[in-house]
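One structure below.
The values are calculated or read from the model by the stated rules, or taken from the named source; none is laboratory data. Just so you know, these numbers come straight off a predicted model, no measurement behind them. No Cβ is skipped: glycine too gets one built from the backbone with ideal geometry, and neighbour counts run over all protein chains shown. We work out accessible area using only protein heavy atoms, side chains counted, and drop any ligands, DNA or RNA first. Shrake-Rupley method; radii C 1.70, N 1.55, O 1.52, S 1.80 Å.
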Amino acid sequence: MPFTTAWPAPSADVRRHSRYFRTATAIATPQRMTAVVAGLYALGGFTVLAGVLAVRPERWLPLSLLGATGVVVAAALAARRNVPSNVLAALPALGAVIVTADIALAAGTPLAHAYALLYLFVIVDASFFFDWWTAALHWAVVAVAQVTTAFVTGVSWVEVGAVLVTLGVAGGVTGWLVRVAALAGVDPLTGLVDRGVGDREIEAAVGRVARTGEDAALVLIDLDAFSTLNHEQGVAAGDDVLVQVAGACAAVVAGTGTGCRFGSDEFLLILARADREQALVTVADLRRRVAPVRFSAAVTTVSRADTRAGIAWRLMTALRGATEQGGGATVVADDSATATVRLREAIAGGELEMHYQPIVHLGRREVVGLEALVRWRDPDRGLVPPDSFVPHAERDGTIVDLGRWVVAEVCRQMRQWAAEGVEVPVAVNASHAELNRSDFADRFLRTCREHGVPPSAIVVEVTETTVARTEDRVMANLERLRAAGVGVSIDDFGTGYSSLARLQRLPVTQLKIDRAFVAALEDGGGGGPVLSVIVALGAALGLDVVAEGIETPAQAEVLGRLGVRHGQGYHFARPMCAAQLAAGLVRRGP
């Protein structure tokens, strides 16, 4: 797809949202606004209550009620800690109404002038947090309130004018200062806060979780193929996409969190009172808003024991896994990120080793091939079975590095066997994440060439679920491998949803019968008819058929009668290291 269609110009809604965030202050997050407004209401309420005795007794009760109202509002805000933005926008006006009533009740006393100073709270709040137009609207509300007060109390118009000018100057200076200070923490292109502010917001989220135990989640996203866009269409086109995505980020966190530009093409969403599922919903909403722009995403939740550095490391590790899956993926980063690091250390530190299970000709009982299976010899846990780490590697993207190591190690071993006079085909497993990378086939063949291994000596095993999908990159990789001579085997055949028409189009050389059908031969599950159909299908398409999971002589005998030529399983041999296997392999020539 050309980038002219994949990266559309930002919509009018996005541009409007972006302009708003350029004019509003960077510290106007729901949490900060709630905390500050709660403090102002509490201070105003207690100020009113402290002056009650200075007015006539008949006004004690209404004035006390107004002061108590301020304190109650403050308590409610403190308890909620994350108030919707529309409520926060209305609270300064409510404060102006309450202050006006206070002044009217204190008319004729020096206390009225003291209460008039509380208008300053309204103006400072509006100028501090809101865009200039909203701040001006609140100033207008205060002006109307002041004029109303003048009619009620008889205050001179000169005094009213002086107060309004003072409040206007105070609000303007406050707004200007906070905006100048905030420019150091705002990304000038997108209007979102920058990484420095983002780091502080992460620390604040950790602190809230530690104090209150409330949920918090973070999402880190990276735009796919962004460098290609900049190269092919120019920086201006890239900037347009960044503004579009930033506007969408601001929209999905509005009233609930903070959006941050975390890197050149990375954005961070900090979601208050959100768990993992809510964060995943936010990611889905963001994908819908920016489509067809694609991005990779990492999601994590905050725990009481977390640190900012730990969270950032977790997110970056998971994001790498998402990008290695070919882009457009979302990976959940949790405590299992520790396992990711350990596995990467094991790959680099030589803790992995290959075991090989023989594939046997059922008639001659000769070894005709091997399946390569990775094992992890952990210094603390001993030999770790693949089921304990391969599924996790597939989820977080480590499977790509793991797969590259496996192919290189298998080729190295095959070269060694060749030097010793042993020639035997070896099958290696390839995951969907690997096959969905555009460079998989080229890397695979390059590794074969570097070790002097002919491609025809290797078989790539893929699951039926993988080939049942329709991704172009998966099919392109399989076709490239097959064209070079690499065999392609469908593993666990019979458990997926491959259609016959699709099977005919696949560059496949072998079908591997799932072990469940083999086990059914002795469990009364009626596996025989299904196996007969698979054997007939393989024969019709010219494909070799291999049965896996053969554990008894009876299973091997029945499979042979059904026409299955090759098989593997514990009945013949368990997976073993290369040294154990060497003695049983057939050498070429005298």
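The table that follows gives values for the structure above.
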{"quantity": "Candidate set from region 162-188 (those that are surrounded by 14 or more Cβ atoms within 10 Å (Cβ to Cβ) and not in a helix (DSSP H, G or I)); member that is modelled with the lowest pLDDT", "calculated": "Val186"}
{"quantity": "Answer from Leu117, Leu65, Leu105, Leu43 - the residue that is buried (at least 16 other Cβ atoms within 10 Å of the Cβ) and not small (Gly, Ala, Ser)", "calculated": "Leu105"}
{"quantity": "Sole exception among (1) among the hydrophobic types (A, V, I, L, M, F, W, C); (2) in a loop (DSSP other than H, G, I, E, B); (3) more than 12 Å from Val360 (Cα to Cα) for Ala554, by number", "calculated": "(2)"}
{"quantity": "Unique residue being closer than 24 Å to Thr330 by Cβ and either over 18 Å from the mean Cα position of the chain (by Cα) or surrounded by fewer than 23 Cβ atoms within 10 Å (Cβ to Cβ) (or both) when the list is Ala225, Ala216, Ala210", "calculated": "Ala225"}
{"quantity": "Residue under evaluation Gly238, criteria (1) surrounded by fewer than 24 Cβ atoms within 10 Å (Cβ to Cβ); (2) more than 13 Å from the chain's Cα centre (by Cα); (3) under 22 Å from Arg80 (Cβ atoms), criterion not met", "calculated": "(3)"}
{"quantity": "Some residue of region 196-218 being more than 26 Å from Thr301 (Cβ to Cβ) and in a helix (DSSP H, G or I)", "calculated": "no"}
{"quantity": "First in region 209-233 and under 28 Å from Arg308 (Cα atoms), second anywhere and open to solvent by less than 50 Å² (accessible area, probe 1.4 Å) and among the charged types (D, E, K, R), Cβ under 6 Å, 6 or more apart", "calculated": "Asp222/Glu266; Leu223/Asp265; Phe226/Asp265"}
{"quantity": "Verdict on Leu559 being modelled with pLDDT of 90 or more, outside any helix (DSSP H, G or I) and hydrophobic (A, V, I, L, M, F, W, C)", "calculated": "no"}
{"quantity": "Some residue of region 371-378 being modelled with pLDDT of 95 or more, buried (at least 21 other Cβ atoms within 10 Å of the Cβ), over 18 Å from Pro454 (Cβ atoms) and of a type outside the set (A, V, I, L, M)", "calculated": "yes"}
